[in-house]
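Peer 1: Please see the structure below; I have some questions.
The values are calculated or read from the model by the stated rules, or taken from the named source; none is laboratory data. Nothing here was measured: the structure is a model prediction, and the numbers come from that model. Cβ: placed from backbone, ideal geometry, glycine included. Neighbour counts: every protein chain shown.
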């Protein structure tokens, strides 16, 4: 089973991080693989990439004529891929040497259509004591409560996910309008939308393989409390928007919120009362604050998308005018 790993990049300032990501793919213990690099509309960066990687037989490089965004760049990479499976990793991530071997093993054992793995934090400025593990997803790290071991989930993190290429093509790839749909630059969730279509079309989700590990660089700015609060707000907003645009996609978030209310928050309160520490108090307070931020974002999303028709539903002329007014 040949695997094509698509790696997109656009910022010359992140070249060292990109290079580490690329080298981690080329150092995989699984040999039947190729690296497809897509530079998003930066000719100077593309020339630098070509000079370093263009001569390798196991690497394909391509540069978009203009900046087209991550999702469209990933679709381009998938079109250039020759493998039976297309895997995706970001330019600020580093794959464990056995990453692809673990993914391929899952495909073979479960006859899976898609599979992904666990994200761990590479805390560039140190792991912040105040950030609760339940909200690690804000910084691109697999959070507490995500899944109970290997199992079928809706989707894994976009920097550690793979799909059989023929299935990816039949689904039409990522919806490149996500993040720009109706001018909404705050909308996130390209992999969520793709994997919900996978589940609708094939009746199957993504096999989560926690032994397939990718580490994500968490730069200092991502641990700033204000940045985290804003991120939580827009995450909540995106969850509500995706629930409208992709009906049925919010089940896992609902389950997670239920566990927060019935398990994680009560558990943290019990541990704090049993053995009070500053760290436990900080994490509990931040947990509650971030839940509030997500809630405010969700409520804002509900107002913003109140008159938006779910995907696939017909819209009559009067409703179209109403929708247009609501989107201004």
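Peer 1: Consider residue 100 carefully, then state whether it is in a helix (DSSP H, G or I) and under 18 Å from residue 166 (Cα atoms).
Peer 2: Taking the combined requirement at face value, the residue does not satisfy it.
Peer 1: Go through region 224-242 and report how many residues are more than 17 Å from residue 289 (Cβ to Cβ) and surrounded by fewer than 16 Cβ atoms within 10 Å (Cβ to Cβ).
Peer 2: 0
Peer 1: Regarding region 8-17, can at least one residue be identified that is closer than 16 Å to residue 54 by Cα and not in a helix (DSSP H, G or I)? Walk me through it before giving the result.
Peer 2: Taking region 8-17 first, the residues closer than 16 Å to residue 54 by Cα are 8-9, 15.
Of the ones still in play, those that are also not in a helix (DSSP H, G or I) are 8-9.
Yes: one or more hits.
Peer 1: Could I ask something else about it? Considering only residues that are part of a helix (DSSP H, G or I) and free of Cβ contacts under 8 Å to residues at least 12 places away in the same chain, look in region 18-49 and name the one that is nearest to the chain's Cα centre (by Cα).
Peer 2: Taking region 18-49 as the starting set, the residues that turn out to be part of a helix (DSSP H, G or I) are 18-26, 43-49.
Subset that is free of Cβ contacts under 8 Å to residues at least 12 places away in the same chain: 23, 47.
Values: 23: 21, 47: 28 Å.
Going through the qualifying residues, I end up with 23.
Peer 1: Then there is this: When you go through 284, 245, 260 one by one, which is the residue that is over 30 Å from residue 306 (Cβ atoms), out of contact with any strand residue (DSSP E or B) (no Cβ under 9 Å at 6 or more places or on another chain), crowded, with 16+ Cβ neighbours inside 10 Å and in contact (Cβ under 8 Å) with a residue 40 or more places away in the chain?
Peer 2: On the way: 245 fails: over 30 Å from residue 306 (Cβ atoms); 260 fails: over 30 Å from residue 306 (Cβ atoms).
Criteria check complete, one pass: 284.
Condition check ((1) touching a helix residue (DSSP H, G or I) at 6+ places or on another chain (Cβ under 8 Å); (2) surrounded by fewer than 17 Cβ atoms within 10 Å (Cβ to Cβ); (3) in contact (Cβ under 8 Å) with a residue 60 or more places away in the chain) across all residues:
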position	(1), (2), (3)
106	no, no, yes
110	no, yes, yes
117	yes, no, yes
144	yes, yes, yes
149	no, yes, yes
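Peer 1: Could I ask something else about it? Given (1) outside any loop (DSSP other than H, G, I, E, B); (2) surrounded by fewer than 18 Cβ atoms within 10 Å (Cβ to Cβ), identify the lone condition not met by residue 71.
Peer 2: Against the list (1) outside any loop (DSSP other than H, G, I, E, B); (2) surrounded by fewer than 18 Cβ atoms within 10 Å (Cβ to Cβ), residue 71 comes up short only on (2).
Peer 1: Just to check your reading of the model, which residue among 211, 258 is more than 15 Å from the chain's Cα centre (by Cα) and within 25 Å of residue 74 (Cα to Cα)? Talk me through it step by step, then tell me what you get.
Peer 2: Working: 258 fails: within 25 Å of residue 74 (Cα to Cα).
Of the residues listed, the single one that is more than 15 Å from the chain's Cα centre (by Cα) and within 25 Å of residue 74 (Cα to Cα) is 211.
Peer 1: Quick check, is residue 162 in contact (Cβ under 8 Å) with a residue 12 or more places away in the chain and either touching a strand residue (DSSP E or B) at 6+ places or on another chain (Cβ under 6 Å) or not in a loop (DSSP other than H, G, I, E, B) (or both)?
Peer 2: Working: in contact (Cβ under 8 Å) with a residue 12 or more places away in the chain: yes; either touching a strand residue (DSSP E or B) at 6+ places or on another chain (Cβ under 6 Å) or not in a loop (DSSP other than H, G, I, E, B) (or both): yes.
Judged against the criteria, residue 162 is a match.
Peer 1: Follow-up question, since we're still on this one. Does residue 281 fit the bill of being over 30 Å from residue 205 (Cβ atoms), in a helix (DSSP H, G or I) and at pLDDT 80 or above?
Peer 2: Details: over 30 Å from residue 205 (Cβ atoms): yes; in a helix (DSSP H, G or I): yes; at pLDDT 80 or above: yes.
Yes: the conditions hold for residue 281.
Each row is one residue, and each column tells you yes or no for (1) closer than 22 Å to residue 79 by Cβ; (2) at pLDDT below 95.
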| residue | (1), (2) |
| --- | --- |
| 99 | no, no |
| 105 | no, no |
| 114 | yes, no |
| 125 | no, yes |
| 138 | no, yes |
| 154 | no, yes |
| 162 | yes, no |
| 168 | yes, no |
